[in-house]
Amino acid sequence: MSVADAYEPESTGGLPISLSRVEKSFGALNVLGNFNLDIPAGQFLAVVGRSGGGKSTLMRLVAGLDGADSGRVNIGGRKVERLHPSVRLLFQEARLVPWQRVIENVGIARGPNWQETARRALADVGLEGRENDWPSVLSGGQRQRVALARALVSEPQILLLDEPFGALDALTRIEMHRLLERIWTARGFTTVLITHDVAEAVALADRVVVLREGAIALDIEIALDRPRQELADPRAVDLQRRILDAV
Amino acid sequence: MAEASVAGGYAAGEGRKLNLKGLASVLAPWALPITLLVLWEIASQSGFVNARLMPAPTKIATTFWRLLLDGSLFFHTLASTQRAVIGLVIGGGLGFIAGVLTGLWKPAETLLDSTLQMVRNIPHLALIPLVILWFGIDETAKIFLVSIGVFFPIYINTFYGVRTIDPQLVEMASVYGLDRKALIQRIILPGALPSILVGLRYALGFMWLTLIVAETISATSGIGYMTMNAREFLQTDVVLLGIIVYALLGKLADVATRAIEKRVLVWHPAYQVKSGSAK
Ligand SMILES: Nc1ncnc2c1ncn2[C@@H]1O[C@H](COP(=O)(O)OP(=O)(O)OP(=O)(O)O)[C@@H](O)[C@H]1O
Ligand SMILES: [Mg+2]
């Protein structure tokens, strides 16, 4: 199914994110210490790092799901105190509500005219005609697309993705990459993608940050042309090697 | 489908065999009860068993017809059903409210749950003498007992259902800005529903059980009264008929809950008809 045809571009723009001197511990475990990171509006940032390195913790701080022990997390120049209405998250699991149909899941917030916007968002992610299915009949990739549509209906200015494609097969994953890149290019929201997969980071991001032992071990620009080819670009391979060395 | 086309020329014969097999599997569950009925009929007709203690099925059938025509069967069944339904609505409603409240709100749990767990251990039928002292033998007594009988299964399963909602879904809902009312309506209650329905199934069992006992002890109407009254006049056929009516009412309640489950849990993979539409 072609995802490209259904897409209608609409730019919502992004908001800048800034973390300064952020500390976060769980008991005796110091996950982030004196952590600084500035993400300009509209940037596509990928965060890679070992398991348990604090990537999800970082994302939860930005989302306002958890608070920092000290330091500041700012979105659009304002301190994050609770959930920010223009920040949307995609989790590793799709987290669809099993007893709501696909369209009701996408329009979970039931905003004005939600059915129409939900239908359009589903078309954006290539799921036209599946509006009235139950989530349990969808494949893993389709579920993540519903979750993506749900995140997109509210026209977020920041999209946080915590390994959303980790459980998908390689082909579906590439399909999701193309989809995400296309929507991001059109809308220009600030994107933070957390991933284990260095190739995924290089294929999608403007900039890759390696998180190691609660600090940034590497911070590089990925200045490759878009739309990107998934394979065989020697510059991409070189970048992947540099990132892997830092992880 | 693939096998059918491979079978080719044998298709017709296979089909008939399958049909016979299908018919046999539909009839099989009835074979034993029917055989027993026939044996029972023969035994009491031939005087092998005392027809006074164990009247023949045909005798029960005539009794059924007689009580149906004089309206008393309907009258007693209605009286019992009324008590059952009123008790279920009161006890089940309170159990549901208490379950949701304690499930959602920590102070309510601290206040109520340990007390309720303690009271739960008293078999509610043990309260019958007390209930007769309190309410006499009028309707309130029976409805009170039924209410208590259905309260606990509904309370416990509602509480459990609310408590075991996937916290990841709740987190997702808060990220998407659902307020408390929407969260309860769209996430928590539907999520607790499978468990609540399990509670309802148990409650219906308790409901009839309580009613049988309560009506045999103190009543002037209802199936229980009808059978106890018949016992005094040694009308064993009426007693047996009463038992059969109870069984049918119980079965009816079970069928009704299954139908409700099938309807409201359509989203649940266990209730989905496998269709070819899913890719
Ligand atoms: N709520 C919590 N309570 C206690 N410890 C926690 C909590 N959340 C995270 N941690 C700990 O903080 C550390 C970082 O966890 P985090 O989930 O951020 O890692 P991650 O980089 O996302 O790992 P992964 O790639 O496996 O998802 C881990 O050691 C984890 O055990
Ligand atoms: Mg993580």
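Side notes on the structure shown:
- Residues in region A:45-64 that are without any contact (Cβ under 8 Å) to a residue 24 or more places away in the chain and within 16 Å of ligand 2 (Cβ to nearest atom): A:GLY52, A:ARG60.
- The combined condition, being surrounded by 13 or more Cβ atoms within 10 Å (Cβ to Cβ) and assigned to a helix (DSSP H, G or I), is not fulfilled by B:PHE74.
- Of the numbered criteria (1) more than 19 Å from B:ILE143 (Cα to Cα); (2) in a helix (DSSP H, G or I), the one B:GLY205 fails is (1).
- Residue ID - farthest from B:TRP267 (Cα to Cα), chosen from residues in region A:72-98 that are away from ligand 1 (no atom under 16 Å from the Cβ) and outside any loop (DSSP other than H, G, I, E, B): A:ARG72
- Condition met for B:ILE187 (in a helix (DSSP H, G or I) and either within 14 Å of chain A (Cβ to nearest Cβ) or of a type in the set (Phe, Trp, Tyr) (or both)): yes
- Boolean, A:GLU181 is of a type outside the set (A, V, I, L, M, F, W, C), open to solvent by less than 40 Å² (accessible area, probe 1.4 Å) and either within 13 Å of the chain's Cα centre (by Cα) or within 16 Å of ligand 2 (Cβ to nearest atom) (or both): yes
- Inside region B:166-190, residues that are surrounded by fewer than 18 Cβ atoms within 10 Å (Cβ to Cβ) and touching a residue at least 40 places away in the same chain (Cβ under 8 Å) make up a count of 1.
Residue-wise test of (1) within 16 Å of ligand 2 (Cβ to nearest atom); (2) among the charged types (D, E, K, R); (3) more than 25 Å from A:LEU19 (Cα to Cα); (4) in contact with a Phe, Trp or Tyr (Cβ under 9 Å, 6 or more places away or on another chain).
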{"site": "A:LEU159", "(1), (2), (3), (4)": "no, no, no, yes"}
{"site": "A:HIS177", "(1), (2), (3), (4)": "no, no, yes, yes"}
{"site": "A:THR190", "(1), (2), (3), (4)": "no, no, no, yes"}
{"site": "A:ILE194", "(1), (2), (3), (4)": "yes, no, no, no"}
{"site": "A:VAL237", "(1), (2), (3), (4)": "no, no, yes, no"}
{"site": "A:ALA246", "(1), (2), (3), (4)": "no, no, no, no"}
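- Total residues in region A:184-215, condition among the β-branched types (Val, Ile, Thr), outside any strand (DSSP E or B) and surrounded by fewer than 24 Cβ atoms within 10 Å (Cβ to Cβ): 2
- The residues in region A:130-167 that are small (Gly, Ala, Ser) and within 16 Å of ligand 1 (Cβ to nearest atom) can be counted, and the count is 2.
- Selection within region A:37-70 - in a strand (DSSP E or B) and within 16 Å of ligand 1 (Cβ to nearest atom): A:LEU37, A:LEU45, A:ALA46, A:VAL47, A:VAL48, A:GLY49
- Leading residue by the ranking (nearest to A:SER86 (Cα to Cα)) among those in region A:121-172 that are over 20 Å from the mean Cα position of the chain (by Cα) and assigned to a helix (DSSP H, G or I): A:PRO135
- Subset of region B:109-141 [buried (at least 16 other Cβ atoms within 10 Å of the Cβ), within 22 Å of the chain's Cα centre (by Cα) and within 22 Å of B:ILE97 (Cα to Cα)]: B:HIS124
- Neighbours by Cβ (under 8 Å, 6+ apart or cross-chain): first from region A:78-106, more than 10 Å from chain B (Cβ to nearest Cβ); second modelled with pLDDT under 90 and crowded, with 18+ Cβ neighbours inside 10 Å: A:SER86/A:SER154
- Every pair of residues 6+ apart whose Cβ atoms lie under 6 Å, when the first sits in region A:124-140 and is more than 11 Å from every other protein chain (Cβ to nearest Cβ) while the second is surrounded by 14 or more Cβ atoms within 10 Å (Cβ to Cβ) and aromatic (Phe, Trp, Tyr): A:ASP124/A:TYR7
- Condition met for A:GLU163 (surrounded by fewer than 22 Cβ atoms within 10 Å (Cβ to Cβ), in contact with a strand residue (DSSP E or B) (Cβ under 6 Å, 6 or more places away or on another chain) and away from every other protein chain (no Cβ under 13 Å)): yes
- Qualifying residue in region B:257-271 (condition: open to solvent by less than 40 Å² (accessible area, probe 1.4 Å), assigned to a loop (DSSP other than H, G, I, E, B) and either within 14 Å of another protein chain (Cβ to nearest Cβ) or closer than 30 Å to A:HIS84 by Cα (or both)): yes
- The set of residues in region B:144-165 being open to solvent by less than 30 Å² (accessible area, probe 1.4 Å) and within 14 Å of chain A (Cβ to nearest Cβ) consists of B:GLY161, B:ILE165.
- Residue under evaluation B:LEU193, criteria (1) away from chain A (no Cβ under 14 Å); (2) in a helix (DSSP H, G or I); (3) surrounded by 14 or more Cβ atoms within 10 Å (Cβ to Cβ), criterion not met: (1)
- Top-ranked residue in region A:99-120 [being in a loop (DSSP other than H, G, I, E, B) and over 28 Å from A:VAL192 (Cβ atoms); ranked as nearest to ligand 2 (Cβ to nearest atom)]: A:TRP99
- Test: residue in region B:42-52 that is open to solvent by 60 Å² or more (accessible area, probe 1.4 Å) and at pLDDT below 85: yes
The values are calculated or read from the model by the stated rules, or taken from the named source; none is laboratory data. Everything quoted here is computed from the prediction, not taken from an experiment. Backbone-built Cβ (ideal geometry, glycine too); neighbour counts: all protein chains shown. Note: accessible area is taken over every heavy atom of the protein model, side chains too, but ligands, DNA and RNA are not part of it. Shrake-Rupley method; radii C 1.70, N 1.55, O 1.52, S 1.80 Å.
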